[in-house]
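What follows is one structure encoded as structure tokens, with my remarks underneath.
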There are 2 protein chains.
Amino acid sequence: MQLLNGSKVADKILNDVKNQVENLKKRGKEACLGIILVGNRKDSNSYVKMKKKRCQEVGIISCDIQLPEEVTEKELLENVERLNQDPCVHGILVQLPLPPHVSTERVISKISVKKDVDGFHPVNFGNLSLQRETEKTIFPCTPEGIIYLLDSYQIPIEGKDVVIIGKSNIVGLPMALMMMHNGATVTVCHSLTKDLKQKTSRGDILIVACGQPEMITSEYVKEGAVVIDVGINSVEDKTKKSGYRIVGDVNFKFVQEKCSYLTPVPGGVGPMTIAMLLLHTVKLASLS
Amino acid sequence: MQLLNGSKVADKILNDVKNQVENLKKRGKEACLGIILVGNRKDSNSYVKMKKKRCQEVGIISCDIQLPEEVTEKELLENVERLNQDPCVHGILVQLPLPPHVSTERVISKISVKKDVDGFHPVNFGNLSLQRETEKTIFPCTPEGIIYLLDSYQIPIEGKDVVIIGKSNIVGLPMALMMMHNGATVTVCHSLTKDLKQKTSRGDILIVACGQPEMITSEYVKEGAVVIDVGINSVEDKTKKSGYRIVGDVNFKFVQEKCSYLTPVPGGVGPMTIAMLLLHTVKLASLS
């Protein structure tokens, strides 16, 4: 089994982003990512912290708005609109999940397509579905990062059987579309899928985004498969100083014996997602 | 095996459309579908003829622009724009396929989202992908008609294994999205798929849109499956006065023995597609 080292591939991309940011600066433009963070979730806080850290490393300005858990949808929408109107901000990221009393759909839809750094705007999503990539199109970060990672290791997609667990708008669904467009035969599984093990163990490439810590054991995996673990879960671990450790949706220990390639957690899909985010920010800045 | 009688279900819908058209007339609005037909393909001619006939039956005005095979892309785009600007036209249909010297994508993208009766505009497609159905959203006619037909026969979709052959933007891809949104486990097969028979014969519901006359024989079909035949092919038949007959992508004779439900060709998916088209026209007229 060979590890798919997302951190290493992401570093190369970030280096490229850094150069692009410097070139923009020479033209008098400072790439800036606006981040909206609602509430005080531990996971969201740490994701945002990581994104800001990476921004700083490549010279992208990050400007973050922190709003209380109790923020009204109206206030949240006003803050999105404020960033829409701000000519210094080139990309807008609303950290998900949002508290249940606000409509994620309405908030995400409010982000201008010109600043849709996450690729969730219906126009971007429509162009992704219809395979109409223009220089302006932004694809969702996580699935785009996964395709990039596979390409980096020259793992072919065309003609392969790809099984995806999870059909969210953020990962599973756009991943399915991209894999189809790359010539794979795609099966999308989810909570209503019957005989899940049987289906997943047919995948030459298995992409796991089910949000269940270490759920995928070797019985779910085809011998020699490429396994991509999108999960990031914190589980209790009293041996750690923090009291917890981060695990994926795949049981690394069991699955590593059976597959040909595997992404570690952390250090696999996560860094690729952030690299795509920063690549998009600098793209939107250069288009603005 | 029970036939899924698309003609019968479509008739009920057309009756409803007729009432809606009459109600619009009372409010002084005459629903109108603009049709652009390029060249002189036999199949396109007969589809357009059928669509116009149905329009007439329900009281929708159809206005068609016939352009020669040699029309330039510029002229074609100007004609789309003319219909975009015409306040009397509520829906615009460009009959596909277009000749190879024009870009289908550019022509289709030119149609105003407000008149996108076929549901191919990126905004409509994005909303379909993201499962954001608003009162304005238009879904592609053929897959929407198929869902409608299954619902009419109370055939459940949730939790079922659905296999789709074909991944076009018109049928396969939007069908996959709709089936996923309805809770099915979806596999999309196409020309690069390996072991096709093995995959299709796992489908509780098999949707065939491969454009190969009578390709799907009983070996491709699971015992007791629901089989939806989207194909419309004309094959030579010297016993017919016309010299040809219409067949689907499914070999009806062999498959009917094995499946639980089957759509005939003609009289299955075709009439449902047209019914959805007219339903969309009257919807866009009432929204205008």
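Computed quantities for the displayed model
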read-out	value
Residue selected from region B:151-161 under the condition within 12 Å of chain A (Cβ to nearest Cβ) and assigned to a loop (DSSP other than H, G, I, E, B), by the criterion surrounded by the most Cβ atoms within 10 Å (Cβ to Cβ)	B:K160
Yes/no for A:Q56 being in the same structural domain as A:H101 (by TED's automatic domain parsing) and either at negative phi or modelled with pLDDT under 95 (or both)	yes
Among the candidates A:V162, A:V123, residue that is closer than 18 Å to A:G231 by Cβ and of a type in the set (A, V, I, L, M)	A:V162
Positions within region A:162-185 being more than 7 Å from every other protein chain (Cβ to nearest Cβ) and assigned to a strand (DSSP E or B), in sequence order	A:V162, A:V163, A:I164, A:I165
Residue in region B:164-174 that is modelled with pLDDT under 95 and either over 13 Å from the mean Cα position of the chain (by Cα) or among the aromatic types (F, W, Y) (or both) present	no
Where B:T187 falls short, out of the listed (1) surrounded by fewer than 18 Cβ atoms within 10 Å (Cβ to Cβ); (2) hydroxyl-bearing (S, T, Y); (3) within 30 Å of B:T104 (Cα to Cα)	(1)
Residue check, A:N233 more than 14 Å from every other protein chain (Cβ to nearest Cβ) and touching a Pro at 6+ places or on another chain (Cβ under 6 Å)	yes
Sole residue being surrounded by 15 or more Cβ atoms within 10 Å (Cβ to Cβ), within 14 Å of chain A (Cβ to nearest Cβ) and not charged (D, E, K, R), chosen from B:I228, B:I205	B:I205
Residue check for B:K199: among the charged types (D, E, K, R) and without any contact (Cβ under 8 Å) to a residue 24 or more places away in the chain	no
Flag if B:L33 is buried (at least 16 other Cβ atoms within 10 Å of the Cβ), assigned to a loop (DSSP other than H, G, I, E, B) and in contact with a Ser or Thr (Cβ under 8 Å, 6 or more places away or on another chain)	no
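The values are calculated or read from the model by the stated rules, or taken from the named source; none is laboratory data. Only a predicted model underlies this, so the values are computations on that prediction, with no experimental measurement involved. Using ideal geometry, Cβ is built from the backbone for each residue, glycine included, and neighbour counts are taken over all protein chains shown.
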